[in-house]
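The values are calculated or read from the model by the stated rules, or taken from the named source; none is laboratory data. Every value quoted in this text rests on a predicted model; they were computed, and no experiment measured them. Positions of Cβ are generated from backbone atoms using ideal geometry, with glycine treated the same way; all protein chains shown enter the neighbour counts.
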Amino acid sequence: MMWDVIVIGSGIGGLTAGALLARDGRRVLVCESHGFPGGAAHAFSRRGFCFDSGPSFYCGLSGSPSLNPLKQVLDLLGESLATIPYDPLGHYHFPEATLPIYSNLERYRQTIAQVSPQGAQELAAFHQKLLGLYGGLQGIPAIALSSDWRLLPKLLVNYGPALLKLLPYLGLVNGSAGRIMDGTVADPWVRRLIDLECFLLSGLKAHGTIAPEVAFMLGGTGQGGGGISPGGSGAIAQTLVRGLERWGGQLRTQAHVEEILVRDRRAVGVRLTSGEVLQSQIVISNASIWDTYGQLLPPDALPPAQREQALATPAIASFMHLHLGIRAEGLEGLTGHHVVVHHAIAISPNRAILA
Ligand SMILES: Cc1cc2nc3c(=O)[nH]c(=O)nc-3n(C[C@H](O)[C@H](O)[C@H](O)COP(=O)(O)OP(=O)(O)OC[C@H]3O[C@@H](n4cnc5c(N)ncnc54)[C@H](O)[C@@H]3O)c2cc1C
């Protein structure tokens with residue numbers, strides 16, 4: 001059988017691409033190495049405890065319209081996800097103080113003022129800039145964006161009024177949160193707090209984190225608070241799989257792709273570890289950039305410069321997860337996230353060294 005599209009990997013990205021293309025009428029097969037879907041966002045059980053493998057902080061998953069791209073995708077697929085709101089989102093434990101992280105920004109800044117009244121005022125100016133950007137972005141759904149030349153005419157025709165609203169913030173769209181911080185916040189403690197929050201969001205400090213990402217987080221939590229699905233990120237993956245299958249797409253687990261087959265510089269299918277060959281008009285890789293360009297594609301499949309450019313992307317040196325199951329009796333009211341900061345020696349783009 002000739003597939004229209006084969007997607008390598010059933011992470012949130014692969015499932016989203018597969019499900020939307022299935023909705024568009026394409027015959028889609030998603031091949032996943034593991035025995036379950038979700039990639040970094042799967043859930044698993046051990047000895048009666050359920051664990052989320054990765055993500056735990058979501059905002060904008062409930063209510064429509066939402067700026068959350070995942071919510072927009074679920075809406076398009078006709079799928080919905082139950083969510084439980086939580087506020088405070090958790091606590092920061094600094095040597096100086098333990099602070100609840102409230103969704104309501106005014107309330108959050110009041111707690112910051114207990115450590116630094118001046119810093120809290122500066123934080124308000126930082127928030128104001130980012131919320132202005134959020135307001136400007138609100139009228140243009142992420143699902144409408146593409147990275148080709150068609151974007152500009154599409155925006156002009158369909159989103160003219162929203163573009164006008166965004167105009168005063170255009171300078172911030174491609175900039176970093178750090179640039180906004182430099183213009184609004186001098187207090188060293190609050191600057192460290194912003195760096196920490198950016199690191200939690202993107203893995204990079206404020207100068208490495210794009211402003212719209214932080215604006216989206218502030219606007220999303222401020223409006224609807226954080227919300228977690230009762231089944232954790234595993235439920236999100238399952239909902240996307242349901243959306244894929246509802247539109248006729250298929251998921252095959254334990255189907256590790258060993259090679260993308262290429263003819264005349266066009267992908268024509270994939271070969272699985274089992275030796276099975278699957279043919280397709282289009283192959284989309286949800287595997288990492290290093291696996292895709294370094295292992296799945298034959299070295300001569302693409303112009304060398306394109307391959308070198310992709311493989312020049314630095315990989316994170318290491319990342320450790322420790323999953324601990326804790327019995328919930330007597331822990332009613334425990335908040336979702338606890339960020340313990342001792343003394344940050346350095347937070348580099350590749351690693352956080354906390355001592
Ligand atoms: C610890 C942690 C915490 C996080 N916290 C949050 C959070 O709070 N909020 C948030 O929004 N995001 C969070 N994230 C980020 C979020 O989880 C990821 O951005 C997202 O899940 C990545 O999805 P993806 O589809 O891009 O890739 P992946 O999830 O990496 O999916 C890739 C898939 O491809 C499969 N695959 C790879 N190679 C092959 C092959 N050759 N053949 C077949 N299958 C293959 C893999 O098995 C995997 O299933 C967190 C991530 C981590 C790790």
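Assorted remarks:
- In the condition set (1) surrounded by fewer than 21 Cβ atoms within 10 Å (Cβ to Cβ); (2) in a helix (DSSP H, G or I), residue 91 is compliant with all but (2).
- Any hit, the stretch 284-302, residues being in a strand (DSSP E or B) and in contact with a Phe, Trp or Tyr (Cβ under 6 Å, 6 or more places away or on another chain): no
- The residue that is surrounded by the fewest Cβ atoms within 10 Å (Cβ to Cβ), among those in the stretch 193-211 that are charged (D, E, K, R) and more than 20 Å from residue 58 (Cβ to Cβ), is 195.
- Verdict on residue 70 being within 20 Å of residue 337 (Cβ to Cβ), part of a helix (DSSP H, G or I) and within 15 Å of the ligand (Cβ to nearest atom): yes
- The stretch 261-274 - residue that is more than 21 Å from residue 26 (Cβ to Cβ) and away from the ligand (no atom under 14 Å from the Cβ) and, of those, modelled with the lowest pLDDT: 265
- Of 255, 235, all but one fail to be surrounded by fewer than 22 Cβ atoms within 10 Å (Cβ to Cβ), within 13 Å of the ligand (Cβ to nearest atom) and not in a strand (DSSP E or B); the exception is 255.
- Test result for residue 190, surrounded by fewer than 16 Cβ atoms within 10 Å (Cβ to Cβ) and among the hydrophobic types (A, V, I, L, M, F, W, C): no
- Output for the stretch 55-67, where each listed residue is out of contact with any strand residue (DSSP E or B) (no Cβ under 7 Å at 6 or more places or on another chain) and at pLDDT below 85: 60, 63, 64, 65, 66, 67
- Residue 16 falls short on exactly one of the conditions (1) surrounded by 21 or more Cβ atoms within 10 Å (Cβ to Cβ); (2) more than 26 Å from residue 336 (Cβ to Cβ); (3) near the ligand (Cβ under 9 Å from one of its atoms), and that condition is (2).
- Subset tally (residues that are over 15 Å from residue 232 (Cα atoms) and surrounded by fewer than 20 Cβ atoms within 10 Å (Cβ to Cβ)) for the stretch 21-45: 8
- The stretch 327-355, subset surrounded by 13 or more Cβ atoms within 10 Å (Cβ to Cβ), of a type outside the set (Gly, Ala, Ser) and in a strand (DSSP E or B), residue modelled with the highest pLDDT: 339
Okay, residues lined up against (1) out of contact with any helix residue (DSSP H, G or I) (no Cβ under 6 Å at 6 or more places or on another chain); (2) within 16 Å of the ligand (Cβ to nearest atom); (3) closer than 13 Å to residue 241 by Cβ:
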{"site": "4", "(1), (2), (3)": "yes, no, no"}
{"site": "20", "(1), (2), (3)": "yes, yes, no"}
{"site": "60", "(1), (2), (3)": "no, yes, no"}
{"site": "63", "(1), (2), (3)": "no, no, no"}
{"site": "107", "(1), (2), (3)": "yes, no, no"}
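- Sole exception among (1) in contact (Cβ under 8 Å) with a residue 60 or more places away in the chain; (2) within 13 Å of the ligand (Cβ to nearest atom) for residue 281, by number: (2)
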